[in-house]
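What follows is a single structure, written as C-alpha cells, with notes after it.
The values are calculated or read from the model by the stated rules, or taken from the named source; none is laboratory data. Since this is a predicted model, take the numbers as computed values, not measurements. Reconstructed Cβ throughout: ideal geometry from the backbone, glycine too, with neighbour counts over all protein chains shown.
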Amino acid sequence: MAANEHKNLSTQNRHLPKGFESALNNTVLSKSVGSGEDFQDGELEYQQKTLMGTSTFKIQGNANSILTNYVYGEDIGDNKSPFQMDIDYGSAVVASGSLAPNAYFRVGQGYVVDRACAVRSISGWLTANHGYVYTIAICKITPVSDSTSNVVPIVIDEIAVTGLSSNDKLVRVNETTITTNAVAAGDIIFPMLKSATAGSNVYINLTVQTTSY
C-alpha cells in the first residue's frame, strides 16, 4: 500500500490541482478569504500573478507657481524639500532634457526601487487653483555608477488632469494604462509637473503600485 501513496507516484501519474484546466494562463493557485472564524474555510482559487508581490509608495508634492516647462522636486539639502517642486527642468518634453547625478539623486520625492518590477497603476488626487490642464509625469532614471554624465529620464507615464479652479476641490487620478512599466532594481522614480498655462498653485498626492516579475 505504501508504494501507492500519492507522494510515491511519478509526475506523469499525479493529477493536476483542482480547477487547473479552467484556470486562466499566468495565474497562481491560492485560497479565498472564506467566512469562518478560524480563517481556514476558504476555497481554492486562481489569481493573476500581477496581484502577487505588490508594493506601493507615496508621491506627494506641490508647485507654488507651476511652469509650462516641467518642474521637479527640490534638493534634499534644501529646507523646501521633500514636497516643493519648483526647479525648472528647462523643457516641456521629458526626452528633450537631462539631469546631472547631483540633481536626480537628491530630488526630494525620489524613490529607489529595491527589485525589478512593473508599474501597474498610479492613483490619487490633484488640486489646482486654476482650471488649466496639468500634466503629471512619473519618471525613472537608471543611475550610472562612478559617472558625472547627465542622464535623460524615461517617462513611465504622463497623466493629463484638468484643475477645478480651487485647491479645495480634488480631481481624481486613476491611471492603469502605463506607457513604460518596466523598472529595474536601483532605478529612481520621481514626479515632474507642468501646466498648459504658467502660474498655478498645484498639489499632488499619489500612490504608485508595482508588482514583482
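Summed over the stretch 61-92, residues that are farther than 20 Å from residue 130 by Cβ and touching a residue at least 40 places away in the same chain (Cβ under 8 Å) total 3.
The residues of the stretch 114-154 that are surrounded by fewer than 19 Cβ atoms within 10 Å (Cβ to Cβ) and of a type in the set (A, V, I, L, M), listed by number, are 116, 118, 133, 144, 151, 152, 154.
Does residue 210 meet the test of being buried (at least 18 other Cβ atoms within 10 Å of the Cβ), out of contact with any Phe, Trp or Tyr (no Cβ under 6 Å at 6 or more places or on another chain), more than 14 Å from residue 63 (Cα to Cα) and β-branched (Val, Ile, Thr)? If you could, list the steps in order and put the result at the bottom.
Numbers: buried (at least 18 other Cβ atoms within 10 Å of the Cβ): yes; out of contact with any Phe, Trp or Tyr (no Cβ under 6 Å at 6 or more places or on another chain): yes; more than 14 Å from residue 63 (Cα to Cα): yes; β-branched (Val, Ile, Thr): yes.
Yes, satisfied.
Any chance the stretch 172-179 includes a residue that's in the same structural domain as residue 202 (by TED's automatic domain parsing), surrounded by 14 or more Cβ atoms within 10 Å (Cβ to Cβ), touching a residue at least 40 places away in the same chain (Cβ under 8 Å) and of a type in the set (D, E, K, R)? Yes, there is a match, as at least one residue in the stretch 172-179 is in the same structural domain as residue 202 (by TED's automatic domain parsing), surrounded by 14 or more Cβ atoms within 10 Å (Cβ to Cβ), touching a residue at least 40 places away in the same chain (Cβ under 8 Å) and of a type in the set (D, E, K, R). When 108, 77 are screened for being over 24 Å from residue 198 (Cα atoms), in the same structural domain as residue 152 (by TED's automatic domain parsing), at pLDDT below 95 and of a type outside the set (Asp, Glu), only 77 passes.
How many residues does the stretch 93-129 contain that are in a strand (DSSP E or B), within 21 Å of residue 76 (Cα to Cα) and among the β-branched types (Val, Ile, Thr)?
2
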